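Here is the structure we will look at, set down as structure tokens.
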Amino acid sequence: MNYVLFFISFLIFFSTVIAHEKLDSQPLPRPLILEYPEKVELGSKQVNEELQLKCSSWRIAGEANNLSPWKTIPSECADYVKNYMVGRAYIVDLEMVAKEAEDYAKRVELGGDGKDVWVFDVDETLLSNLPYYADHGYGLEIFDHSQFDKWVEKAMAPAIASSLKLYEELLGLGFKVFLLTGRRESHREITIENLRNAGFRDWDKLILRYGSKAVVFYDWR
């Protein structure tokens, strides 16, 4: 039906053009096309809004894994990233993901054979390293593994509240929980301490990295 309507509309338009040509031999007026000036002087508010848009696009592209490898956030986006991380938006995003995962888990029919396993990452999934990144420019500094290891060894990373709620819900549903982390095997005990201090209990297995780089380790697993 849409194709028929389109064809009829086209015929009406075409007939109108032909009739116009018969009545007036002059060529049709140049169609109106919106043209933007090559350069626009922006006020401070407009500049700020433009920066917000660019930084928002950068963040979304990063979340979608559509960015080339990067080591630091764009310097002009420092305030944007900070405001996102410490504001309500980041919490809402975390809550949304946890709620979707919980809804999915409730629809799964467990086999009852002990083989129904839910796998969690640790950093930025169960535990938040936001206090560490707050001390290092929220991503403005190049990631320093030795400095991060010192943070890990403090066992002070807080729980992500929505993830802790999801974790407890999954245990209640009967899932076994495996924890997979890029942390080194030498950090096993301190990681267990941190997880317990943050409220996580009763996981079945904690798998840490041994030897290989974290990215290679995750790919292999």
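Residue count for region 116-133 satisfying the condition of being over 18 Å from Arg201 (Cα atoms) and without any contact (Cβ under 8 Å) to a residue 40 or more places away in the chain: 3.
Of all residues in region 54-94, those that are more than 16 Å from the chain's Cα centre (by Cα), farther than 17 Å from Phe143 by Cβ and surrounded by fewer than 12 Cβ atoms within 10 Å (Cβ to Cβ) total 1.
Listed conditions (1) at pLDDT 95 or above; (2) buried (at least 17 other Cβ atoms within 10 Å of the Cβ); (3) over 24 Å from Ile91 (Cβ atoms); (4) not aliphatic (A, V, I, L, M) are all met by Ser162, apart from (3). Whenever a residue of region 51-75 is touching a residue at least 40 places away in the same chain (Cβ under 8 Å), its partners that are loosely packed, with under 10 Cβ neighbours inside 10 Å, lying with C-beta atoms within less than 7 angstrom and at least six residues away or across chains, give the pairs Lys71/Ile142; Thr72/Ile142. Touching a helix residue (DSSP H, G or I) at 6+ places or on another chain (Cβ under 7 Å) and of a type outside the set (A, V, I, L, M), is that true of Ser128? Judged against the criteria, Ser128 is not a match. Within region 134-152, the set of residues being over 16 Å from Tyr90 (Cβ atoms) and either in contact (Cβ under 8 Å) with a residue 12 or more places away in the chain or among the polar types (S, T, N, Q) (or both) comprises Gly137, Leu140, Glu141, Ile142, Phe143, Ser146, Gln147, Phe148, Asp149, Trp151, Val152. Going through (1) of a type outside the set (S, T, N, Q); (2) without any contact (Cβ under 8 Å) to a residue 60 or more places away in the chain; (3) within 27 Å of Gly172 (Cβ to Cβ); (4) out of contact with any helix residue (DSSP H, G or I) (no Cβ under 6 Å at 6 or more places or on another chain) one by one, Ala155 falls short only on (4).
The values are calculated or read from the model by the stated rules, or taken from the named source; none is laboratory data. What you see is a predicted model, and the numbers here were worked out from it, not measured in a lab. Every residue, glycine among them, receives a Cβ derived from its backbone with ideal geometry; neighbour counts consider all protein chains shown.
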